[in-house]
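Comments concern the structure below.
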Amino acid sequence: LQRDRERGQTQLFESMGPTDGSGDDVALPDVAAWSESEQLAHEKEALGLYLSGHPIDGYRDQLEAAGARAISSLVTSEPKVLVGGIISAYRSLKTRRGASMAVLTLEDRGGSLEVVVFPKTYDRCASVLAHDRLVLVTGKLDKDEETARLMADAVRPIETLTGSVGRTLSIHLTSARHDRRTLQALATLFQVHRGPSRIRLQLDLTERTPPLRVRARLKDVRVRQSEHLVRAVEQICGEGTVSWT
C-alpha cells in the first residue's frame with residue numbers, strides 16, 4: 001500500500017469510501033487466542049500446509065533422543081528405521097484373502113513418506129491408525145531413485161516416547177569437593193543438552209555434624225541422553241558421580 005501511495009496509484013474502489021457513511025473501524029469481538037494445535041489445524045485446513053510450525057515440533061527433542069530419523073534423511077534402503085510424524089493420508093485395504101491392511105502417508109516437517117501396514121502389523125496397530133494422528137513407525141525402508149516405501153513392523157502413538165526416553169540423569173556430589181561453581185557449570189551444561197530426560201541431584205553435606213544428605217529432582221530443567229553429556233558431567237564433577245537410572 002505504501003509503494004502504491006508513493007507511485008500515485010489508487011485502488012478501484014478506494015475513492016468510494018464506506019457504504020454506510022461512517023469511517024469507524026469495525027469492532028472485533030474479544031475472543032481467546034487459539035492454542036498452538038488449533039492454529040496449526042486451521043492453517044492446514046485453510047492453506048493445505050502448516051505455516052507457523054508443525055505438530056511434530058513439540059516432540060523434537062524426544063525423537064532425537066529415541067534415535068528417530070527425519071524423513072528427508074532417508075536416502076537409501078535400510079533394514080530398520082524409526083520415523084515420527086503425522087498421518088496426513090490414510091487408506092484401508094483388503095488383501096486377496098480378505099485380511100485388513102492399510103497404506104498411509106507419514107509427514108514430518110521436512111517431507112512425507114508412504115507407509116505400508118501389512119495384516120499382521122495392522123491387527124496389532126489398527127487402533128492407532130487415524131488421520132491427523134501423531135505416530136512412531138518402525139520398519140524396513142525400501143527406496144530407489146523414484147520411490148520410497150516403509151514397510152511397518154510397528155506403529156505406536158507418539159506419546160509413548162515419554163516412557164521410552166524417560167530415563168533420569170542422577171548426579172551424586174559431596175560438599176567437600178563441590179560448591180556453587182560446580183552447580184553453575186552444571187546449569188550451563190544442561191542448557192546446551194536440553195531434552196526430555198529428568199535430572200536428580202544428590203548432595204552429601206559431609207562437613208555438617210551430623211552429615212546431611214539432600215536430594216532434589218529438577219522440574220524445570222531436562223536434558224537429552226547421550227554419552228557426550230555423561231563425559232561432560234564427569235569432567236565437572238569427577239568420575240563415578242553420574243549415571244542413568
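The values are calculated or read from the model by the stated rules, or taken from the named source; none is laboratory data. Note that the structure is predicted; figures quoted are calculated from it, not measured. Heads up, the Cβs are rebuilt from the backbone with ideal geometry, glycines too, and the neighbour counts pull from every protein chain shown. Please note that ligands, DNA and RNA were not included when accessible areas were found on the heavy atoms of the full protein model with its side chains. Shrake-Rupley method; radii C 1.70, N 1.55, O 1.52, S 1.80 Å.
Summing charges over neighbours of residue 215, with a neighbour being any other residue whose Cβ is under 14 Å away from its Cβ, gives +4 when K and R count +1 and D and E count -1. Restricting the calculation to Cα atoms, the range 129-245 shows an Rg/Rh of 1.18 when the hydrodynamic-style radius is the Kirkwood one.
Looking at the square roots a ≥ b ≥ c of the eigenvalues of the Cα gyration tensor of the chain, which shape do they give, rounded for a/c under 1.5, prolate if a/b is larger than b/c, or oblate? Since a/c reaches 1.5 but b/c is at least a/b, the shape of the chain is classed as oblate. Potential lengthening of the chain between residue 36 and residue 96 amounts to 17.3 nm, from the contour at 0.36 nm per residue minus the alpha-carbon distance. Entry note, the range 65-200: relative contact order of 23 percent, from Cα contacts under 8 Å with a spacing of 6+ residues. A simple spin-label model places the labels of residue 201 and residue 230 2.2 nm from each other, with each point 7 Å out along Cα-to-Cβ.
For the range 55-121, the fraction of C-alpha pairs more than 15 angstrom apart is 58%. Helical content alone sets the calculated 222 nm signal of the chain at -7000 deg cm²/dmol, taking -39,500 (n - 2.57) per DSSP H segment of four or more residues and averaging over every residue.
For residue 94, the lysines whose Cα falls under 22 Å of its own Cα, not counting residues fewer than eight places away in the same chain, are 120, 140. Using a probe of 1.4 angstrom and keeping all protein chains present, the accessible surface of the chain works out to 67 square angstrom per residue.
DSSP H helices in the chain with Cα extent of 18 Å or more along the helix axis and mean Kyte-Doolittle hydropathy at least -0.5? Membrane-span-like by this rule: 180-192. With a 1.4 Å probe and all protein chains left in place, how much of the accessible area of the chain comes from carbon and sulfur atoms, in whole percent? Summing carbon and sulfur atoms, their accessible area is 49 percent of the total for the chain.
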